[in-house]
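Visitor: Please read through the structure below; I'll follow up with questions.
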Amino acid sequence: MIVIKHISKFYDKNPALKDIFLRINKGELFGLIGPDGAGKTTLMRILMTLILPDSGEATMDGLDVVSDFKKIRLIVGYMPGRFSLYQDLSVEENLNFFATVFGTTVEENYDLIHDIYHQIEPFKKRRAGKLSGGMKQKLALSCALIHSPKILVLDEPTTGVDAVSRKEFWEMLKKLQKNGITILVSTPYMDEATLCDRVALIQKGHILDVDSPKGITGKFSRKIIQVRSDETYRLINDLRLYDKAESAYAFGQFVHFTGLRDEVEPSDLELYLKNLNHKNIVTEDIEPGIEDVFMSMQRQ
């Protein structure tokens, strides 16, 4: 459904994308995973016919993003990273406006957006600019879907919303996928990668790997030890100073530690940290996650 071949883009001679190659299947929920500045938004803007690539080509349902841009805009729903609806218009007015732009009506495609829109319908007279982050998210998704697109492109849709709204949003995407819509979503949140059928890890304009979430973590053979103590900042520094340490990164309230040649055991770290007067120490072996793989690839 989406084919990207050797796409590159430069800004003032600085590469934003470097020879990107991707294929996204029909009906797939595909994640573009990477930190801010990795190139996610640039790639999505090229696919949405908003900017031109400097080299390479891309197609959406067989339509070229350069020569067929008008046709593409009729079959794709787009939700940009920033809330871009008319903030002075009400919820209802925004939805009707976007339906009219695409030559349809809210009633004609209401079944597609019902599960999403009914949650904000009680506030349909409220101005969009007065909505909460989660409600803005639902309205933007409803407007992106109102013309029944074949492809849905979402640029960091859960950034800045609370954890409950993030969970609800991904549940909505799973339901939309069952309707046969191909979904491309970008996110800086590594935990959201596990909710996709396949993901592409991107950093500094390069694709690091493309696979299913389990496929990516399955390639990571290193041993990870999860560590916690009362003083997280000092814990990170002390772990990095350990003579058999390869890496130590903060993951929430824990630190993920990798030792040289995987020869370090949790008990070794516990003894080492006790000697440094750390309190309430927890050390345990864990399975690697997407973020562990990503951090490892960046060091290579």
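Visitor: Checking the structure you have, find out if any residue of the range 265-275 is hydrophobic (A, V, I, L, M, F, W, C), surrounded by fewer than 17 Cβ atoms within 10 Å (Cβ to Cβ) and modelled with pLDDT of 90 or more. Give the derivation first.
Guide: Kept after step one, since they are hydrophobic (A, V, I, L, M, F, W, C), are these residues of the range 265-275: 269, 271, 273.
Checking the rest, the ones that are also surrounded by fewer than 17 Cβ atoms within 10 Å (Cβ to Cβ) come to 271.
Checking the rest, the ones that are also modelled with pLDDT of 90 or more come to 271.
Within the range 265-275, one or more residues are hydrophobic (A, V, I, L, M, F, W, C), surrounded by fewer than 17 Cβ atoms within 10 Å (Cβ to Cβ) and modelled with pLDDT of 90 or more.
Visitor: What residue, of Gly133, Gly103, is surrounded by fewer than 21 Cβ atoms within 10 Å (Cβ to Cβ), of a type outside the set (Lys, Arg) and within 23 Å of Gly160 (Cβ to Cβ)?
Guide: Details: Gly103 fails: within 23 Å of Gly160 (Cβ to Cβ).
Being surrounded by fewer than 21 Cβ atoms within 10 Å (Cβ to Cβ), of a type outside the set (Lys, Arg) and within 23 Å of Gly160 (Cβ to Cβ) holds for just one of Gly133, Gly103, which is Gly133.
Visitor: Taking Phe83 and the conditions (1) crowded, with 17+ Cβ neighbours inside 10 Å; (2) closer than 24 Å to Leu184 by Cα; (3) modelled with pLDDT under 95; (4) not basic (Lys, Arg), which numbered condition does it fall short on, given that it satisfies the others?
Guide: With (1) crowded, with 17+ Cβ neighbours inside 10 Å; (2) closer than 24 Å to Leu184 by Cα; (3) modelled with pLDDT under 95; (4) not basic (Lys, Arg) applied to Phe83, the lone miss is (1).
Visitor: Right, another one. In the range 228-244, how many are in contact with a helix residue (DSSP H, G or I) (Cβ under 6 Å, 6 or more places away or on another chain) and in a strand (DSSP E or B)?
Guide: Total meeting the criteria: 0.
Visitor: A further question follows. If Arg261 passes every condition in (1) crowded, with 17+ Cβ neighbours inside 10 Å; (2) touching a strand residue (DSSP E or B) at 6+ places or on another chain (Cβ under 9 Å); (3) more than 30 Å from Arg23 (Cβ to Cβ) but one, which one does it miss?
Guide: Every listed condition holds for Arg261 apart from (1).
Visitor: For the range 172-192, name all the residues that are touching a helix residue (DSSP H, G or I) at 6+ places or on another chain (Cβ under 9 Å), under 27 Å from Ile120 (Cα atoms) and assigned to a helix (DSSP H, G or I). Reasoning before the result, please.
Guide: Taking the range 172-192 first, the residues touching a helix residue (DSSP H, G or I) at 6+ places or on another chain (Cβ under 9 Å) are 172-176, 179, 181, 183-192.
Next cut, under 27 Å from Ile120 (Cα atoms) only: 172-176, 179, 181, 183-189, 191-192.
Across the range 172-192, the qualifying residues are Met172, Leu173, Lys174, Lys175, Leu176, Asp191, Glu192.
Visitor: Being free of Cβ contacts under 8 Å to residues at least 24 places away in the same chain and on the phi < 0 side of the Ramachandran plot is the filter here; which residues of the range 46-68 pass it? Give the steps one after another, and end with the answer.
Guide: Let us first name the residues in the range 46-68 that are free of Cβ contacts under 8 Å to residues at least 24 places away in the same chain, namely 50, 52, 62-68.
Answer for the range 46-68, where residues must be free of Cβ contacts under 8 Å to residues at least 24 places away in the same chain and on the phi < 0 side of the Ramachandran plot: Leu50, Leu52, Leu63, Asp64, Val65, Val66, Ser67, Asp68.
Visitor: If you don't mind, there's one more thing I want to ask. Using beta carbons and a limit of 7 Å, which pairs, at least six apart or on different chains, have the first residue in the range 209-237 and under 30 Å from Leu29 (Cβ atoms) and the second one of a type in the set (Lys, Arg)?
Guide: That search, which allows pairs on different chains as well, returns Val210/Arg198; Asp211/Arg198; Ser212/Arg198.
Visitor: Out of (1) in a helix (DSSP H, G or I); (2) at positive phi, what's the single condition that is false for Ser296?
Guide: Ser296 satisfies all of (1) in a helix (DSSP H, G or I); (2) at positive phi except (2).
Visitor: For the range 213-233, how many residues are modelled with pLDDT under 95, of a type outside the set (Val, Ile, Thr) and surrounded by 14 or more Cβ atoms within 10 Å (Cβ to Cβ)?
Guide: 5
Visitor: With respect to Tyr110, determine if the residue is surrounded by fewer than 16 Cβ atoms within 10 Å (Cβ to Cβ) and modelled with pLDDT under 95. Full working, then the answer.
Guide: Values: surrounded by fewer than 16 Cβ atoms within 10 Å (Cβ to Cβ): yes; modelled with pLDDT under 95: yes.
Answer is yes for this residue.
Visitor: Out of the residues in the range 171-192 meeting the condition of being buried (at least 17 other Cβ atoms within 10 Å of the Cβ) and within 21 Å of Glu291 (Cα to Cα), tell me which one is modelled with the lowest pLDDT.
Guide: The selected residue is Met190.
Visitor: Out of (1) within 29 Å of Ser212 (Cβ to Cβ); (2) touching a strand residue (DSSP E or B) at 6+ places or on another chain (Cβ under 7 Å); (3) free of Cβ contacts under 8 Å to residues at least 12 places away in the same chain, the odd one out for Lys71 is which?
Guide: The number of the failed condition is (1).
The values are calculated or read from the model by the stated rules, or taken from the named source; none is laboratory data. None of the values given here were measured: they were computed from a predicted structure. When we count neighbours, we look across all protein chains shown, and the Cβ atoms used for this are built from the backbone with ideal geometry, even at glycine.
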